[in-house]
1. Would you pick out the residues in region 422-453 that are part of a loop (DSSP other than H, G, I, E, B) and out of contact with any strand residue (DSSP E or B) (no Cβ under 9 Å at 6 or more places or on another chain)?
2. So which pairs qualify, if the first residue must be in region 159-184 and in contact (Cβ under 8 Å) with a residue 12 or more places away in the chain and within 17 Å of Arg25 (Cα to Cα), the second must be charged (D, E, K, R) and outside any strand (DSSP E or B), the Cβ gap must be under 7 Å, and the two must be at least 6 apart or on different chains?
3. Return the residue satisfying two criteria in turn: it lies in region 375-431 and is at positive phi and over 22 Å from the mean Cα position of the chain (by Cα), and of such residues it is surrounded by the fewest Cβ atoms within 10 Å (Cβ to Cβ).
4. So, of the residues in region 84-122 that are closer than 30 Å to Phe152 by Cα and among the β-branched types (Val, Ile, Thr), which turns out to be nearest to the chain's Cα centre (by Cα)?
5. Under the condition of being of a type in the set (Val, Ile, Thr) and at pLDDT below 95, which residue from region 269-293 is surrounded by the fewest Cβ atoms within 10 Å (Cβ to Cβ)?
6. Condition check: under 26 Å from Leu307 (Cβ atoms) and outside the structural domain of Phe62 (by TED's automatic domain parsing). Does Asn447 satisfy that?
7. With respect to Arg375, determine if the residue is over 18 Å from Asp410 (Cβ atoms), basic (Lys, Arg) and assigned to a helix (DSSP H, G or I).
8. Looking at region 139-154, can you tell me whether even one residue there is within 30 Å of Pro340 (Cβ to Cβ), surrounded by fewer than 22 Cβ atoms within 10 Å (Cβ to Cβ), at pLDDT 95 or above and not basic (Lys, Arg)?
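The values are calculated or read from the model by the stated rules, or taken from the named source; none is laboratory data. Here the structure is a predicted model, which is why all the values come from computation and not from measurement. Ideal geometry is used to build each Cβ from the backbone, glycine not excepted, and the neighbour counts take in all protein chains shown.
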Amino acid sequence: MIRAIAISVAIVAALAGNADAQDARGVVEEASRAMGVAGLDSIAFAGTAAYGNIGQSRRISFGLASTAIGDFTRTIDFVRSAMHTTGVAGSPAVPGNPPPGLFEETVSPTDGWTTQLDIWMTPWGFLRGAATQPVTVKTEKIEGVPFKVVTFTPPFKSPSGQSYKLTGYINAENLVERTETWVEHPVFGDMRVESFFSNYQDVSGVKVPARMAQRRMSMETFVAIVKTANVNPPRLTELMKPLAPPHERAPLSAAVTSEMIADGVYRISGRYVALAVGLKDGVVVIGGGSTCGMDPCSPQESEQLGLAILAETKKLFPGKAVKYIVNTHAHFDHSAVLPPFAADGITIVTDDQNRYFIEQALSEPRTLVGDALARSKKKPKVIGVEEMLVLGDASRSVELHHLMKIDHSDGMLVAYLPNEKILFAGDIDVPPAGEPPGQALLSLFQNVDRLKLDFDRYVTARPVAGPPITRAELVKLAQEAH
């Protein structure tokens, strides 16, 4: 009898599962009809756009710097799963954003989820994907508005081996109002990406939103105002043709080298420079970085660089514990190397304006990244510097000072070694020979005067040939920048 009941329950559950699947399939089909997706193989739309500079703006969280894109045109080939975007980027230049002038982006069929998502997260790409994959559906109210929430798994795998998830929110008119997914990121871990669509218009039987926007971790990083659209454009081949030869970035080397620049002080050179300073009871690492923020942000490459700096430091100071990693500022190309240090239980020291951001970002779930921090299951230990913090003792110390009025970042530290009279800052570079110095050098020197830091040598975060520059050389550059 018990066995008969168990079989009956199993049959009912199976039927319910089939009903749920059929209901979800029906929701997708209804939305596809309402959106006019049947027969839509490609689309081109044009207007204006803007990109928000996440991770490299003067303010690290909200209030991102942005770059306007005029003559914005985006063409998507859903059959090939490819995309081509062109336009003209406006001035002024925003670090980490498209430079002024010709703007071009391409997504190829062989790209991974982190770039392919810009196709799949469109209303049409979402419904095409949902039509070919197993889907689930539920109802949900957001601010009192009911939505049919459809979720499916795209055919991609994350670095950890876990599948991605793509969710769409379909409103009462059967229009896709929002899509969301999560991607791996070295700083944010599982980074939430949301796309929003509004003011739909009918174009040749296809619903096209007049406004599209994207947010990453709730910060708006892209907006497009669509003025014209062309369904299945006859000039598809021409529209998809790149304007410039494709840029293929060579894999980033995680190799580092080190040299002693003072007794117990080493300059470690890799993608960026770090200082390793031996104290009486441990070691402090200052700086280090990756390409994250300027090139595609690879968690694997960033982790390799962080691990390489950490390994080199331990080799230079055998038997001494690395106690602190000093983050000069929170831009992604500097903070992307922090997770391996957090995984090792090393305390992160940063400007107090960045403390909450770094603490929260490195505490996010990291199920997609699968890196050392994810495996360690440790929470980051972060200290914020408001004005000044001294690490070490009378025999050797590292002074950390908040820099004021630095356009590059509101939350920036400079490191000063009083015994060795060495100054170290991130992203305040010495210009190549023949090029004028930037305003940041003048601002740095004004801070140095204010703080009365008596240094002899200045070490930059960027690898440069030869020894650190002298105070006299820095004074001359600051005078030229005035």
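1. Our first condition is that a residue be part of a loop (DSSP other than H, G, I, E, B); within region 422-453, this holds for 426-438, 452-453.
Pro431, Pro432, Ala433, Gly434, Glu435, Pro436, Pro437, Gly438, Lys452, listed by residue number.
2. Qualifying pairs under 7 Å: Asn174/Glu30.
3. Our first condition is that a residue be at positive phi; within region 375-431, this holds for 377, 392, 405, 421, 427.
Those still in the list that are over 22 Å from the mean Cα position of the chain (by Cα) too: 392, 405, 421.
Working: Gly392: 21, Lys405: 8, Lys421: 14.
Among those that are at positive phi and over 22 Å from the mean Cα position of the chain (by Cα), it is Lys405.
4. Thr114
5. Kept after step one, since they are of a type in the set (Val, Ile, Thr), are these residues of region 269-293: 273, 277, 283-286, 291.
Filter once more, so that each one left must be at pLDDT below 95: 273, 291.
Details: Val273: 23, Thr291: 19.
The extreme case among them is Thr291.
6. On the way: under 26 Å from Leu307 (Cβ atoms): no; outside the structural domain of Phe62 (by TED's automatic domain parsing): yes.
Spelling it out, it is not the case that Asn447 is under 26 Å from Leu307 (Cβ atoms) and outside the structural domain of Phe62 (by TED's automatic domain parsing).
7. Numbers: over 18 Å from Asp410 (Cβ atoms): yes; basic (Lys, Arg): yes; assigned to a helix (DSSP H, G or I): yes.
Here the answer is yes, as Arg375 does meet what is asked.
8. Applying the first criterion (within 30 Å of Pro340 (Cβ to Cβ)) to region 139-154 yields 153-154.
Now drop any that are not surrounded by fewer than 22 Cβ atoms within 10 Å (Cβ to Cβ), which leaves 153-154.
Checking which are at pLDDT 95 or above leaves us with 153-154.
Then drop every residue that is not not basic (Lys, Arg), which leaves 153-154.
Yes: region 139-154 contains one or more residues that are within 30 Å of Pro340 (Cβ to Cβ), surrounded by fewer than 22 Cβ atoms within 10 Å (Cβ to Cβ), at pLDDT 95 or above and not basic (Lys, Arg).
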